[in-house]
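This report refers to the structure that appears directly beneath it.
Bear in mind these aren't lab numbers, they're just calculated from the coordinates by the rules spelled out. All values derive from a computational prediction rather than experimental measurement. Glycine gets a Cβ as well: all are built from the backbone with ideal geometry, and neighbour counts include every protein chain shown.
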There are 2 protein chains.
Amino acid sequence: MKPILDLQKQLLPDLLDVMRKRYEILRHLQLMQPVGRRSLASALGTTERILRGEVDFLKEQGLVRTDPVGMSLTMQGDTLVADMEPLIKELFGFTDLEKQLARMLNLQKVIVVPGDSDRSDWVKKEMGKAGARLLKQLAHPRQVVAVAGGTTVASVAQMMTATAGLRETTFVPARGGLGETVELEANYIASLMAQKSGGKYRLMHVPDQLSDEAYHTLIREPHIQEMLEILRSARIVVHGVGDAQTMAKRRKSSPDLLEKLKEKGAVGEAFGYYFNAEGEIVHRGHSIGLSLEDLQSVETIIAVAGGSSKAKAVAAVGPVARPDILITDEAAARTILLDLATANTP
Amino acid sequence: MKPILDLQKQLLPDLLDVMRKRYEILRHLQLMQPVGRRSLASALGTTERILRGEVDFLKEQGLVRTDPVGMSLTMQGDTLVADMEPLIKELFGFTDLEKQLARMLNLQKVIVVPGDSDRSDWVKKEMGKAGARLLKQLAHPRQVVAVAGGTTVASVAQMMTATAGLRETTFVPARGGLGETVELEANYIASLMAQKSGGKYRLMHVPDQLSDEAYHTLIREPHIQEMLEILRSARIVVHGVGDAQTMAKRRKSSPDLLEKLKEKGAVGEAFGYYFNAEGEIVHRGHSIGLSLEDLQSVETIIAVAGGSSKAKAVAAVGPVARPDILITDEAAARTILLDLATANTP
DNA sequence: TTCCTCCGGGACAAATTATGTCCCATGTAG
DNA sequence: CTACATGGGACATAATTTGTCCCGGAGGAA
C-alpha cells in the first residue's frame, strides 16, 4: 500500500471508495459509450439520480461529455482511465486473491480489502464497511442475524447505515457475555447494529463465569429458552476470529487456562471456541448461546478477520466454523496463501 | 509531482479540499494547543459549528484529544501532521512562492495554485476556485463587485457557490461590451456570478464600437449614468490579465490597431487597457465603464491570471492596475520570478 | 413519412445532513 | 471568591442529497 494513501486515509476514510466509484463510472463509460444515464446506472448497480450527481461532477472536471445520443469520455477522461488502471489494479485488484483463497479454504466467497489491519487502523473500518455492505445485500424480510463479539465485528456494526431492507431484521448476540469490554461484547454490538441500521434487537444477559449448576438452572429459564429459540432461527451469523492468546487475555482467563491453551497449541478463537492449528476444538468458553452444531442450520456464516497476525487463526478456524463468506484484508490473505503453499510443499 | 496526486486532483478535487481543510485544523491545533473551539475557529476563519463537526471527526480518527482545558493533538495526530507536510506542500503549498511574489510585485497577497493553465485545463478551474473562495471570504453586506471579462474571470464565476454572505452583493460588469464571445463578456460573467452565488446583478448594455459622438451621447443617458454610479461604488474589482496580441485578436481589432500595439510594444491587457513591458498605457479600448482612475477608490482589486505565457503580461500590468491580490498559477509565478531575477542581475 | 425508444435535463417533494445559535456544568486562573 | 473559557448538549432551520417523475427531441426502424 502506498504510504501517501495511508496518510490520506486518516483524514479521508472514504477516499478510496469515492475514487473507485468514480473510476468505475469512467471505466464503464469507456466500454459502453455512448450510453444513457439509465442503462449505465443499472450496469453499475446504482440509482439513476446518484449516478447523475457523479456524472455532473465528472462533466465539470472535463472528463465526460454528453451528447443527445448519450454520454462519452472526453480525451482527457480517456487518458485518465488509462493512467489510473495500474493504480486501481494495485488497490482493488484482489479478484485473483479472492478466488484463490475461496478455493483453498473451500469457501463460497472471499472479500479482500486493501491494507493490513495490524499496521493501519482504517483497514479494520474498511472491512467493517465491506461487512456492512454485505449485510445490506443479504437483507431478507423478518430475518434474524446473530453477531459475535470482538473488535472486527464491532467495526462492522460501526459502519452500518440505515437501510429499508434491514428494518425488519432482528439482531441478537450469538453468545452471552464472555467477559470482554462492553464495546466488544456481542450484546452491545447487536444493539449497535440495530441502532445504526434501523432494525430491532434482543439482548441476552447472562454472566460469563458460571458453575455447571448455575448453567443448567439458567438454561431452563423461559426467557433464556426464548432467546435460544430466536438464536437458532438465525439466518445469518457474523463472527470474528481471534488469536487464541490475545482473546484469552482479553477475557481475563485464569493462568491455568492460558497454560492449558498454550499446551494444546490453540491458535484461533471464534465465538468462545478455541482451536489448534489442525482445526480441532481444544477448549470452549462457558457461555450460553449458539453452539457449533447450531451453525449447521444457519444459511450464511460470515467471518470477518484481518491482519497478518491473524492469518494462522483464520486458517485454523475456517474448517471448523465453516464460514460461507470470509471478509479479510490483503495482509491476512497473502499470509494465508503463503502458509498454505509452504505447507503443501514441505 | 507524484503521479498519484495528479490523478487524484482530476478525479477527486473536492476531497482534496476537504483534506486540506482538515490538515489546516490539525496544523493550527498543533501550534495553538491547548485551545478551545471558539478561538481556534476564529483563527481558522471558520465558524464554531463547522469546526466542531471536523473536530468530532478528527477525534473519531484518534488524531485529536479534548480535555477540559481545550483540544490538543494526540501523538498520532502529531506524527500525521509531520508526515503530511511534504504532501500538502506538494499539493497546495506554494507559500514561499506566494510570499516572494507578493514582495517583488509589491502586492498585499498572492495566491498560487499548482500547475500550468497553458498545459492543463483544470488549473484554470483551480484558480477559479481560489478566486471564488476569496470572494466568499471578502464578502461584505450590500457590497458591489465589479468584474471584467475573460476566460479566467469566467472560471471564477463558474466556481462560485451559494453563500449567505454574498446574497446582498451586486455584481456588475466593470466595462461595457468589448466584442468578445458572450461567455467571456463581463456582462455574462457578472450575471453568472450572481446566479451561482445567489446574489444580485446589473447589466450594462452598450455596443463595443463607438464613435466619439455616440460615446458622449450615450454616457449622458440616465441609466448609463446610474450604472456608472454603481460601478464607482464598487468595493471589489475582479479582472483578468491578457496577452496583448491574443486579446486584440479575440476582440477582432483592426489590423491597424494590431500593428500599432506591436509597434508600441504592448504585452499586457487588463479590462480594455493595453500596456507595454514598462507598465505604460499604450492604448485604451473604447468602452464605457470603470477607468483606471476609478480604481483608486476601490477597496480590493483582484487580478486573476495564469499560464507561463501570461507571465510577462501579468508583470507588466501589475504596477499600473495595482491589484491588491493576485491569483495565479505555479507556472506563471515561477516565470515571473525568473524574469525579475534575470532583469535585476543583467 | 410515422412510430417508437432512448437520450439529457428540468422539476419537485421527501429524506437526510449540515449549520447556526443557544445554553449549561465544569475546570482554571487571577 | 469572581470571571472567563472550555466541551458538550439541544434544537430549529437551512442546505443538500436522493428518489421519482415528466418532457421535448434526436435517431432508428418500419
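Assorted remarks:
- Chain A: relative contact order in percent, alpha carbon pairs under 8 Å with at least 6 residues between: 16 percent
- Annotation for B:ASP6 and A:THR246: the two label points, set 7 Å from Cα along the Cα-Cβ direction, are 4.0 nm apart.
- Computed from the C-beta positions of A:ASP67 and A:SER309, the FRET efficiency with R₀ = 56 Å rounds to 0.55.
- Entries of A:LYS21/A:LYS59; B:LYS21/B:LYS129; A:LYS89/B:LYS124; A:LYS21/A:LYS310; B:LYS99/B:LYS264 with Cα pairs more than 21 Å apart: A:LYS89/B:LYS124; A:LYS21/A:LYS310; B:LYS99/B:LYS264
- Degrees, to the nearest 10: A:95-105 long Cα axis against longest axis of chain A: 20 degrees
- Neighbours of A:MET75, meaning other residues whose beta-carbon lies under 12 angstrom from its beta-carbon, give a summed charge of -1 when Lys and Arg score +1 and Asp and Glu score -1.
- Chain B: angle of helix B:122-138 to the longest principal axis, Cα-based, in degrees nearest 10: 80 degrees
- Charged-residue dipole, Cβ positions (Lys, Arg, Asp, Glu), the range B:268-329 about Cα centre, Debye nearest 20: 180 debye
- Shown in residue order for the range B:154-159 are the 3J(HN,Hα) couplings computed by the Karplus curve 6.51 cos²θ - 1.76 cosθ + 1.60 at θ = phi - 60°: 4, 6, 4, 4, 4, 8 Hz (x for Gly and Pro).
- Between B:ARG220 and B:GLN296, the FRET efficiency from the beta-carbon distance, with R0 = 22 Å, is close to 0.40.
- Fewest-first sequence of A:ARG27, B:ARG38 by Cβ atoms within 10 Å of each Cβ: B:ARG38, A:ARG27
- Taking the range B:189-346 and dividing mean pair separation by its residue count, relative contact order in percent (alpha carbons under 8 Å, at least six apart): 22 percent
- Relative contact order computed over the range B:53-188 (Cα-Cα under 8 Å; 6+ residues apart), in percent: 15 percent
- Inter-label distance, nm, simple model (7 Å from Cα along the C-beta direction), A:ARG20/A:ARG142: 3.5 nm
- Using just its DSSP H runs of length 4 or more, each adding -39500 (n - 2.57), chain B gives a mean residue ellipticity at 222 nm of -16000 deg cm²/dmol after division by all residues.
- Antiparallel DSSP beta bridges within chain A, as percent of all bridges there, nearest 5: 40 percent
- The antiparallel fraction among DSSP beta bridges confined to the range A:259-346 stands at about 70%.
- In this label model, A:ASP256 and A:ASP212 are separated by 1.3 nm, measuring between points 7 Å along each Cα→Cβ vector.
- Comparing A:PRO68, A:LEU44, A:LEU12 along the charge dipole axis of the range A:1-101, the residue lying farthest to the positive side is A:PRO68, per the Cβ-charge model.
- On Cα atoms only, tilt of A:75-92 relative to the major axis of chain A in degrees: 20 degrees
- Efficiency of FRET between B:LYS264 and A:ARG133 - r from beta-carbon atoms, R0 41 angstrom, step 0.05: 0.05
- For the protein assembly as shown, the residue among B:GLN33, A:GLY131, A:LEU192 whose Cα projects farthest onto the positive side of the dipole built from Cβ charges is A:LEU192.
- Counting only DSSP beta bridges whose two residues both lie in the protein assembly as shown, roughly 40 percent are antiparallel.
- Shortest first, A:GLU226 label-point distances to identical copies amount to 7.7 nm, with the label point at 7 Å from Cα along Cα→Cβ.
- Restricting the calculation to alpha carbons of the protein assembly as shown gives Rg and Dmax of 32.4, 111 angstrom.
- Restricting the range A:271-312 to GluC sites (Glu not before Pro) in coil, as DSSP defines it, with at most 12 other Cβ within 10 Å: A:GLU278, A:GLU299
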